[in-house]
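First the structure, in the form of structure tokens, and then the observations on it.
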Amino acid sequence: MNIHTPEIDRKPSREEAAEALALLRKWAGKAHDDEIADLDPALVGLASDAGLTPYPSLRRAYPEDFDADTAYKATLPDLQNGPSSLIKGANRSIQHVGISNFRLPIRYRTRDNGDLTLETSVTGTVSLDADKKGINMSRIMRSFYAHADKTFSFGVIEAALDDYKADLGSFDARISMAFRFPMKLESLRSGLSGYQYYDIALELIETNGVRRKIMHLDYVYSSTCPCSLELSEHARRERGQLATPHSQRSVARISVELTGKSCLWFEDMVEMCRAAVPTETQVMVKREDEQAFAELNAANPIFVEDAARLFAEGCQRDGRIGDYRVVASHQESLHSHDAVSVLTEGETFAAQSLDPKLFSTLFHVG
């Protein structure tokens, strides 16, 4: 039961309110702005170095009928394009600034199946001079929407790069488009087929007025350890002991610079990888296919070093490919760690340092 005494219900006098206000101002004068705002944002004006300004009464309803006309938009602040005096930190140029994982549908020409429209993740960056505060990120997105319906793959990239490089006044620019490309894969013996999806990225880089086109492909395959295969056969032969070699799902990321006038189709890249390492993981499998896959692995045992060199051999044979890089990861079933290799050709992919998380990006989730 609540009991209200006359003292509690009594309205404080003006003198008491003045004393309370003086005490509150004294506390506000020594407290941090965050402390004051945490107690009540309306008290910020009580700080000793601020005048007693009433907290504004703002409308809370969304103004659906408000029209942001040209005159109004001209009054909007634009800090990203502000003067160099607003720059924070070191007075240095920035090599890459832009957006990552902006998604939209893009049309792609294919060698075998006509045109495809695929959901695409776009990363677009430009260089930024030391005396510029920042860039308008939305211009990159607007450039893509302006061209996505008009052309295909690299054509979209080139048109968008021309637009936003000019709009943003930058010297260097880079755009990449990542997507999953479907191809029919036939089973080894049963006659079934299903769609295999390949992670592909197209990249256009302009540095010092020179443009390079690059294609990246993740190829997923099974790798049987040659050493484990020989040891298993030794146990069978010498001791009549059943043993199985270890094999594992493996991933190679093949990155190639596109040169010459002939088109290197997505299908061509996949077929080059299949020819180099034919033990690609399967889609549709019956018992006869599973047995065939075991036989195929036994016929093609490879270390991670072998995989890198086999893929490199395929790149070297193709006149449409200039510089290239092979990053292979065999995610072993024997060890708790992976076996990895990196092989590069040419200056485009040469690097003294590797991204510490490079190999962790090669895990394939089915």
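Some points to look at:
- In terms of the mean number of neighbouring beta-carbon atoms within 10 Å, the peptides 202-210, 58-66, 120-128 order highest first as 120-128, 202-210, 58-66.
- Straight-line cross-link reach from Lys73 at under 21 Å between alpha-carbon atoms covers these lysines, not counting any fewer than eight positions away in the same chain: Lys133.
- Relative contact order (%) - criterion: Cα under 8 Å, at least six apart; region: the chain: 11
- Here is how the number arises for the chain: DSSP H runs of 4 or more residues each give -39500 (n - 2.57), the sum is divided by the residue count, and the result at 222 nm is -9500 deg cm²/dmol.
- The trypsin sites (Lys or Arg not before Pro) found in segment 118-168 that occupy coil by DSSP, while having at most 10 further C-beta atoms within 10 Å, are Lys150.
- For segment 96-152, the relative contact order comes to 41 percent (Cα pairs under 8 Å, sequence separation of at least 6).
- Choice from Ala17, Ala160, Ala201 with maximal GNM fluctuation in the chain (Cα, 10 Å cutoff): Ala17
- Accessible area (Å², per residue) of the chain, counting only protein heavy atoms and a probe of 1.4 Å: 63
- Measuring max minus min along each principal axis, the C-alpha atoms of segment 250-357 give extents of 45, 35, 20 Å (largest first).
- Near Ala243: Cβ cut-off under 14 Å, other residues only, Lys/Arg at +1 and Asp/Glu at -1. The net charge is 0.
- For segment 133-192, size of Cβ-based charge dipole, Lys and Arg +1, Asp and Glu -1, in debye: 240
- Across segment 241-359, the relative contact order, built from alpha-carbon pairs under 8 Å that are at least six residues apart, equals 35 percent.
- Cα→Cβ-extended label distance, 7 Å offset, between Ala20 and Ala166, nm: 6.6
- Surface share of carbon and sulfur [accessible, 1.4 angstrom probe, percent] for the chain: 51
The values are calculated or read from the model by the stated rules, or taken from the named source; none is laboratory data. Everything numeric in this text was worked out from a predicted model, so none of it was measured. Methodologically, a virtual Cβ is constructed for each residue, glycine included, from the backbone with ideal geometry; neighbour enumeration extends over all protein chains shown. Areas reflect the complete protein model, heavy atoms only, side chains present, ligands, DNA and RNA absent. Shrake-Rupley method; radii C 1.70, N 1.55, O 1.52, S 1.80 Å.
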